[in-house]
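The values are calculated or read from the model by the stated rules, or taken from the named source; none is laboratory data. Please read all numbers here as calculations on a predicted model, not as lab measurements. All Cβ positions, even for glycine, are placed from backbone atoms using ideal geometry, and neighbour counts span all protein chains on display. For the accessible areas, the whole protein counts, side chains as well, though only heavy atoms, and no ligand, DNA or RNA atoms are used. Shrake-Rupley method; radii C 1.70, N 1.55, O 1.52, S 1.80 Å.
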Amino acid sequence: MGIRGTRASSRTDAEELELYRAFVRSLTDVCDAAARGDLEARSHLDPAIEAVPELRTLHDAANRMLDVADAFVRESSAALTSAAEGRFHRRLLERGLLGAYRSSATAINSARAAMQETAGRVIEAQTSRLRMADEFESVVLAMSEQVATASTEMSASASGLGTAAAAASTEVGTAQQTIASLTQSSAEIREIIAMIDAVAAQTRLLALNATIEAARAGEAGKGFAVVASEVKDLADQTGRATERVTAQVEQIRQAADAVASGMGTVGTTVGEMNALVDGITAAVDGSSSLSPGADDTTGLSQMAEKLRSEATGFLAEMRR
Amino acid sequence: MLDTRPAPPPARGAHRTIRPTGVERTFAADELIVSKTDPRGVITYANDVFLRVSGYAARDVMGQPHNLIRHPEMPRAVFQLLWDTLAQGQELFAYINNLASDGAHYWVLAHVTPSHGPDGRLIGYHSNRRKPSPRAVDRIRPLYDQLLAEERRHPTAKAAVAASSRLLAETIEQRGGSYEELVWSVISSEER
C-alpha cells in the first residue's frame, strides 16, 4: 500500500503511461529476440520500473519463462549428446521443470533409457561374439596342436616302420641266399652219395667175383672166401648207410623248400608293408616328401597349419 | 534450522565481511535459481529466485563477481574443477553450498554451461540450480570436508587449491570414474 501510495503521489498518469510504454517496448524486443532463438535475452530492470509492482511481476514472469526455456534447451541437448556418446548416467533432471517441459523431459529420459538398452544389447552381443571367438580359438588351437603332434608321431612311426621293413627285406634276402646254398649243398651231397653207392655196388660185384674165384681155388681159397664175404658185408652196410643219408638229405631239401617258400611270403608282405608306410608318409607329410616336384598332395601337418592360419584370419574378422 | 523466508535486505557494501550464521535456507523443488555471467565470471543476470534466496537486490549483484555468494566452507578445488571443465567447453553438475547476504547458507545442485553467441564465440556462462535432496548433500559433504581440511593445511591459496585438487583427483581415481560419474552416482541414488 505504501509503495502504491508513493507511486500515485509522485507520478502523473502521463508519466506512468510513458513508463508502461517504455517497458512494453523493451519487453517486446526481448520476446522478439527469444522468438528468434536468442535465449540469452532477458528483461532488465531499471529502478523506475522496479517501483511499479505490476511491471516488476511481469518482468519476473517473462524472465522465468525464458529461464526455463533456456535451461530446458541446454540440458536436453546435453543429455542427448551424452547418450549419443554412450554416457548414459547423464539423465535430464525433471526437478524444476513443469508441465510440458516435464513431460518432454520424461519422454527424453525414456528415449535415453531405450538407447541405453539397445547399446547394452549391442555390447552384450559383441561380448558373446568375442567369447565365442575365444572358445573357437582355444578349440581350433588345441585341435591343430593335437593334429600336429599326432602327425609328427605318425611321421616318426612311419619312418621307423620303413627302416624296420627295409631291414626285414635285407634279412629275408640273406635267409633266401642261405637256403639256396643249403639246397645246393644237398644236391652236392646227393651226388657224392650216388658216387659212394656206385662204389659200393662195384665193391659187391668184386666181392662176388672173389667168392667165385675162391671156390674154384678150393681149400687154398678158403681164407680168401672169408675176406670176400667180409668185403661184401661192408659194401652192403655202405649201401644201407647211403640210403639213410639220402632219406635225411631229402627231408632237409623238403624243409629248405618250405622255409624258402615261407621266406618268399615274408618278402612279399614286407614289400606290401613298404607301400603302406609310403602311403602313411604321404598322408602325413604330403606327397612331395616322397617325390619332390610332383603334384603336391597336402599332408596332415600342412593341413593342421593351414587350419590354424585360416582360423586366425576368421577370428580377426570376428573380433573386429 | 530451515528458514524459507526471503533473506532480509543486506547492508550495502558489506558483502566481503559476511559471517556464516549456520542458518540453512531453502527454496521450492519446482524453482530454478538462474544466473548468467560474462566470460570473466561477472554477474550479468540473476533471476528472482536467485535474488530472493541470496537476499540481494538486483543492483547489488549485477556487475559483481560470482564468488560474491561463495561460502567459506566450500573447497576451492570444486571451483577449480568447475572453471577447468567450462574452459574445455563442457557442462558441469556440482553440489554447491552458497552464502546469502545475511550469513545463511543454501545448498544447490548446480548445472553450469558455457554460453555461445550466434557466431559460436564464448559470451559467458549460465548456471541453473535446483534444490538438492538433503541425503545427496549428506553424501557429498564428507568429501568437501576432506578437501577443505587439506586446503587449510597450506598457507597460500595457490598451494591449497593445488593440494586439494590433487586429493580430489586421487579420490575420483580410487572410485574408478570421473567427477561427472561421481556426481551422477549421487544424483541417481539420492535425487528421486
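FRET efficiency for the residue A:153 to residue A:127 pair, using the beta carbon distance and R₀ = 45 Å, is estimated at 0.70. Residues of the range A:186-213 with amide nitrogen under 15 Å from the 7 Å Cα-to-Cβ point of residue A:240? The answer is none, because no backbone nitrogen lies closer than 15 Å to the label point. Just give the residues from the range B:167-192 buried by at least 10 square angstrom of accessible area in the all-chains context relative to the isolated chain, probe 1.4 Å, and say none if nothing qualifies. In the range B:167-192, residues shielded by partner chains: B:180, B:181, B:184, B:187, B:188, B:191, B:192. Once you reduce the range B:16-46 and the range B:82-107 to the center of their Cα atoms, the two points are 9 Å from each other. What residues in the range B:27-49 lose 20 Å² or more of accessible surface when the other protein chains are added to their chain alone (1.4 Å probe)? Correct list: B:29, B:30, B:32, B:34, B:36, B:45, B:48. In the context of the full set of protein chains, residues of the range A:193-320 present 66 Å² of accessible surface per residue (probe radius 1.4 Å, heavy atoms only). In the range A:49-79, burial by the other protein chains removes 50 Å² or more of accessible area from A:67, A:74, A:75, compared with the chain on its own (1.4 Å probe, ligands and nucleic acids ignored).
Computed over protein heavy atoms with a 1.4 Å probe, the accessible surface of the range A:13-90 works out to 51 Å² per residue.
Placing a label point 7 Å from the Cα of residue B:159 along the Cα-to-Cβ direction, the residues of the range B:67-93 whose backbone N falls under 20 Å of that point are B:75-78, B:80. Note on the range A:145-178 and the range A:11-41: Cα centroid distance 109 Å, given to the nearest whole angstrom.
Using Cβ point charges alone (K and R +1, D and E -1), the dipole size of chain B about the Cα centre works out to roughly 540 debye. Based on Cα contacts under 8 Å between residues 6+ apart, chain A shows a relative contact order of 18 percent. Interface size, chains A and B: roughly 2500 Å² of accessible area buried, both sides included, 1.4 Å probe, rounded to the nearest 100. The apolar share of the surface of the range A:143-295, taken as the fraction of accessible area on carbon and sulfur atoms (1.4 Å probe, ligands and nucleic acids excluded), comes to 63 percent. When the helices of chain A are scored as -39500 (n - 2.57) per DSSP H run of n ≥ 4 and the total is divided over every residue, the value at 222 nm lands at -31000 deg cm²/dmol. Amide H contacts under 5 Å for residue B:45: B:36, restricted to partners 5 or more places along the chain or on a different chain, H placed in the peptide plane at 1.01 Å from N. Within the accessible area of the range A:19-112, the carbon and sulfur atoms contribute 62%, probe 1.4 Å, all protein chains present. Extension gain, residue A:217 to residue A:319: 0.36 nm times the residue separation minus the Cα-Cα distance gives 24.0 nm. Straight-line reach from residue A:232: which lysines have a Cα under 28 Å away, not including same-chain ones fewer than 8 places off? Residue A:232 reaches A:222.
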